[in-house]
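One structure below.
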């Protein structure tokens, strides 16, 4: 991974307009690698949504997200690639596995790991994919990443563009995340208060709502045993 | 051609370090624990002070039958040790031990991020092992592992971010080039938080609730035998090497020392990392295991606020001196 060629990325918001036309007839090594990794990522993503084994789905998700990180690397966005690994592989999937193990994660197939909405889901996914591909290719049709020049996706470049050109969206997003955080705490406390009220009301209602708490500090229940 | 040879040599060197250093830490642990607890420890293998005990252990592990439980998920079960071990090998690639070009496996632009991101992946191995064993003790161990990782990843990242702020770069050699001796007191809180959180991420005592033998046998690794079990143990010791190396580089000045860094830089790095490894073993021998709720409380109510305070301090000092 760290052997990725020193490359560059359209991190700058004003991508240089292509002067020379670019062809696809003689692909470079990076382009071939990009395509192959893309295929692996796509395959892993497909298995993720089709497999009947819940934990396997989560593990294939690791492959898909890791593949995306490699794609970022090949496009010279090194910082973004590591953030992808840190956030998605290291935290989101761990959280997902934690949730699965806490609720139910049988070895083998889960007979109910199936949805009647599969065709609707397929239609929505296809529509979303087509829209995204169409918009992105149209928007960045003239932007080309110079893979041979000095690396343009380094932390310095990414940070500069983030905090010079995109400060407002960045700050808005952080406020949004803060709101989500506060919301999660409010929700979990409400569930806890309700569980307590139920337990006070009639004796046997302690088990069910407590298990539903999103539990940002899951293990505290252990200590209360 | 020369370039390819250079890369190959570096990879081989890192691989040798990866194979040797964890074993040295393991052997040191045998001896230090024996001395601290006033017992002999293994004294016979090989003659002098039982120096060959590790070899004997290795032979023992290799001889044992590799058992996969009948109810287990075979492939995930078998894959888990590799997932636990490989990330530490990758992290070793980016830790610089000296100031020169040749003293780091591969200089990565966002080294701090790379190291922490890849270290987090290793925990997936424990989770896979815990789930795939089809054993409730293993599952409990896996759950505790996940809870522990989620709790301690945050303070570790924040502490590392503080150093990156101080240095103005996230490259590990870059941080060391910017180092001054007064960073030691300046980043002291961050250093303690980072080291403690790292210990917890490695599930080393006193944070070994996920493998608490008196409650859940050996947590996620209960069903493992033979070489696969040895790989998990190796992952733990490789993790100690990586953690001590990272703490040395980020907080203790790496190759900087009282008599200059020229030529002797790597000695300083190794010396500091070795002292830290000794502390890791020392803590194992002296501290009782934290209960699960104490463990979570320590992270969320102490380490996270401390690391945020460290970031605030770093920011203030940085603005004042610039």
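The values are calculated or read from the model by the stated rules, or taken from the named source; none is laboratory data. Computed from a prediction, not measured in an experiment: that's the story for all the values here. Positions of Cβ are generated from backbone atoms using ideal geometry, with glycine treated the same way; all protein chains shown enter the neighbour counts.
Here are some notes:
- Residue within the range A:59-73 that is at pLDDT 85 or above, surrounded by fewer than 20 Cβ atoms within 10 Å (Cβ to Cβ) and within 12 Å of chain B (Cβ to nearest Cβ) present: yes
- Filter result (touching a residue at least 12 places away in the same chain (Cβ under 8 Å) and over 21 Å from the mean Cα position of the chain (by Cα)) within the range B:307-322: B:308, B:309, B:310, B:311, B:313, B:314, B:315, B:317, B:318
- Residue check for residue A:162: closer than 30 Å to residue A:80 by Cβ, modelled with pLDDT of 80 or more and surrounded by 10 or more Cβ atoms within 10 Å (Cβ to Cβ): yes
- When residue B:2 is tested against (1) under 24 Å from residue B:273 (Cβ atoms); (2) over 19 Å from the mean Cα position of the chain (by Cα); (3) exposed (fewer than 11 other Cβ atoms within 10 Å of the Cβ), only condition (1) is not met.
- Residue within the range B:115-126 that is surrounded by fewer than 22 Cβ atoms within 10 Å (Cβ to Cβ) and touching a helix residue (DSSP H, G or I) at 6+ places or on another chain (Cβ under 7 Å) present: no
- With respect to the stated conditions, residue B:282 fails to be over 23 Å from residue B:139 (Cβ atoms), in contact with a helix residue (DSSP H, G or I) (Cβ under 9 Å, 6 or more places away or on another chain) and modelled with pLDDT under 85.
- Test for residue B:134: is it outside any loop (DSSP other than H, G, I, E, B), at the interface with chain A (Cβ under 9 Å from one of its Cβ atoms), modelled with pLDDT under 85 and over 22 Å from residue A:79 (Cα atoms): no
- Tally, over the range B:52-71, of residues that are surrounded by 15 or more Cβ atoms within 10 Å (Cβ to Cβ), under 25 Å from the mean Cα position of the chain (by Cα) and over 22 Å from residue B:86 (Cα atoms): 2
- Residue within the range B:104-113 that is over 24 Å from residue B:294 (Cβ atoms), part of a helix (DSSP H, G or I) and at the interface with another protein chain (Cβ under 7 Å from one of its Cβ atoms) present: yes
- The lone exception for residue B:170 - which of (1) more than 7 Å from chain A (Cβ to nearest Cβ); (2) surrounded by 22 or more Cβ atoms within 10 Å (Cβ to Cβ); (3) not in a helix (DSSP H, G or I) it fails: (1)
- When the range B:81-93 is filtered for residues that are within 10 Å of chain A (Cβ to nearest Cβ) and touching a residue at least 40 places away in the same chain (Cβ under 8 Å), the ones remaining, listed by number, are B:83, B:93.
- Among the numbered conditions (1) buried (at least 16 other Cβ atoms within 10 Å of the Cβ); (2) under 24 Å from residue B:235 (Cα atoms), the only one that residue B:19 does not meet is (1).
- Residues that are out of contact with any helix residue (DSSP H, G or I) (no Cβ under 8 Å at 6 or more places or on another chain) and at pLDDT 90 or above occur in the range B:255-275; there is at least one.
- Comparison of B:143, B:150, B:139 shows that the only residue that is under 15 Å from residue B:199 (Cα atoms), facing chain A (nearest Cβ under 9 Å), assigned to a helix (DSSP H, G or I) and touching a helix residue (DSSP H, G or I) at 6+ places or on another chain (Cβ under 8 Å) is B:150.
- Per-region count, the range A:79-105, residues facing chain B (nearest Cβ under 9 Å) and within 18 Å of residue A:38 (Cβ to Cβ): 4
- For residue B:55, the stated conditions do not hold, so it cannot be described as under 26 Å from residue B:253 (Cα atoms) and away from chain A (no Cβ under 13 Å).
- Members of the range B:280-297 that are surrounded by 17 or more Cβ atoms within 10 Å (Cβ to Cβ) and in contact (Cβ under 8 Å) with a residue 60 or more places away in the chain: B:280, B:281, B:284, B:289, B:290, B:292, B:295, B:296
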